[in-house]
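Let me begin by presenting the structure, written as C-alpha cells, before commenting on it.
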Amino acid sequence: MKEEYSFWCRGSPNVEAFREQDMSEIQMVKDALATAKRVAALTGAGISAESGVPTFRGGGGTAVWKGMRFDQISSSEMVKADLPAVWEWFDYRRGVLRECEPNPAHFAIAKWQEQFESLALVTQNIDGLHRAAGSRDVIEVHGNIHRSRCISCGALYQMDRDTVPHNPDVCGCGSKVRPDVVLFGEMLPEGAYEKGAEAAASCDVFFTIGTSALVYPAAMLPEIAKRSGALLVEVNPEETPLTAICDASLRGKAGEILPSL
Ligand code: BJW
Ligand code: ZN
C-alpha cells in the first residue's frame with residue numbers, strides 16, 4: 001500500500017525536544033492560558049502525523065499519489081475528469097485511517113473545552129480524529145472523508161470507518177456520489193469559514209497547529225486573530241509563512257508540546 005503514496009510526509013525529521021528558547025515561549029503561552037477565557041485553534045495535517053496519517057507537505061516534500069501531485073488529484077477538475085481515480089485515492093486513505101487513532105495532541109485539545117469559557121476548534125483535516133478524541137462542535141472547513149455526497153442532488157451519505165471501499169457508489173437518484181471534502185477550487189461548507197473567522201476575531205489566544213498555512217481561506221484565520229489582538233501561537237516543527245507574525249513559535253511535535261501546556 002505505502003509504495004503507491006510515493007512521498008510519505010511524516011513531519012520533520014531531526015526535531016529535537018524543546019529548545020531552550022522554546023522553554024521561555026512555552027512559559028509565556030502557559031501564562032496566557034492561565035487567564036485566557038476564549039481560546040481558538042486551527043489545526044492541519046501535522047496534528048495527525050503522530051497518529052500515522054501522512055501530511056501533504058512538510059519535510060521539504062509534497063505528497064504524490066501514483067505519480068500525481070495530491071493537489072492535482074484533490075481538485076474539482078479531477079472529479080469531473082476521472083471520479084473513479086478520485087475515489088481510489090480517497091478509499092486508499094480511508095484504508096490507512098482504519099489503523100489510526102487520535103494522539104495526545106487531539107486529546108489535549110479535547111480537554112481544553114472543559115478548561116476554557118469557550119473553545120473554538122477549526123480543523124482543515126478530514127480524518128475525524130478530533131471528534132474521535134472527544135472534541136465537540138468541530139468546525140471541519142474541508143469536509144470529512146467518511147462522508148460522501150451526490151454530485152446531482154447533494155444527498156449526503158455517512159460511512160463508518162470500516163466501509164472501505166466506499167458505499168454507496170450511486171445515490172438513490174441514480175447519480176454518482178463523490179467524497180464530501182473540499183477540493184481545490186471548491187467552496188467551503190456554508191458558514192464554516194464565517195464561524196472560524198468569528199472565533200478568531202474574538203479569542204484571547206489563537207493556536208495554529210500542524211498546518212503549513214498555505215491554503216486559503218483557512219490560512220486567513222490566524223491573521224484575523226492577530227489583527228484582533230489575540231496572542232498567536234504556532235505549534236509546528238517547521239517555520240511557516242505565519243511564523244513572522246506569531247507571538248510564540250513552539251518548534252516540535254504537537255503530540256509532545258500540547259500536553260505540556
Ligand atoms: C507537524 C507535525 C507534528 C508535521 N506536529 N506539526 C488566496 C490566495 C491564493 C490562492 C487562493 C486564495 N484563496 C483561494 C485560493 C485557492 C486555493 C488555495 O488556497 N491555493 C493555495 C495552495 C495557493 N484555495 C481553494 O481552492 C479553497 N477554496 C476556495 O478558496 O473557494 C473559493 C473559490 C472557489 C472557486 C474559485 C476561487 C475561489 C479550497 C481549499 C481546499 C483544500 N483542500 C485540501 C484537500 C482536501 C481533500 C484531501 O484531503 O485530499 O485540504 S488541500 C490540503 O491542504 C488539504 C489540507 O486541509 C490543506 C492544508 O494543508 P495542511 O493541513 O496545512 O497540511 P500540510 O501537509 O500542508 O502541512 C503539514 C504541516 O504540519 C507542516 O507545516 C509540517 O511541518 C507540520 N507537521 N508533523 C505538528 N508532529
Ligand atoms: Zn442524488
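Here are the numbers for this structure:
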| item | result |
| --- | --- |
| Members of region 204-261 found to be buried (at least 17 other Cβ atoms within 10 Å of the Cβ) and among the polar types (S, T, N, Q), listed by number | THR208, THR211, SER212, ASN236, THR240, SER249 |
| From the options VAL170, VAL164, VAL177, residue that is more than 16 Å from ligand 2 (Cβ to nearest atom) and either over 30 Å from SER228 (Cα atoms) or within 20 Å of the chain's Cα centre (by Cα) (or both) | VAL164 |
| Matching residues, region 128-156, being without any contact (Cβ under 8 Å) to a residue 40 or more places away in the chain, out of contact with any Leu (no Cβ under 6 Å at 6 or more places or on another chain) and away from ligand 2 (no atom under 16 Å from the Cβ) | GLY128, ARG131, ALA132, ALA133, GLY134, ARG136, ASP137, ASN144 |
| Condition broken by ALA110, with the remaining ones in (1) touching a residue at least 60 places away in the same chain (Cβ under 8 Å); (2) part of a helix (DSSP H, G or I); (3) among the small types (Gly, Ala, Ser); (4) surrounded by 18 or more Cβ atoms within 10 Å (Cβ to Cβ) satisfied | (1) |
| Leading residue by the ranking (nearest to PHE207 (Cα to Cα)) among those in region 79-107 that are without any contact (Cβ under 8 Å) to a residue 24 or more places away in the chain and acidic (Asp, Glu) | GLU88 |
| Qualifying residue in region 166-176 (condition: surrounded by 11 or more Cβ atoms within 10 Å (Cβ to Cβ), assigned to a strand (DSSP E or B), among the charged types (D, E, K, R) and assigned by TED's automatic domain parsing to the domain that holds ASP71) | yes |
| Tabulated pairs, region 163-190, first closer than 16 Å to GLN124 by Cβ, second within 16 Å of ligand 2 (Cβ to nearest atom), C-beta under 6 angstrom, 6+ apart or interchain | PRO179/SER148; ASP180/ARG147; ASP180/SER148; ASP180/ARG149 |
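The values are calculated or read from the model by the stated rules, or taken from the named source; none is laboratory data. Only a predicted model underlies this, so the values are computations on that prediction, with no experimental measurement involved. Note that we place each Cβ from the backbone using ideal geometry, even for glycine, and neighbour counts take in every protein chain shown.
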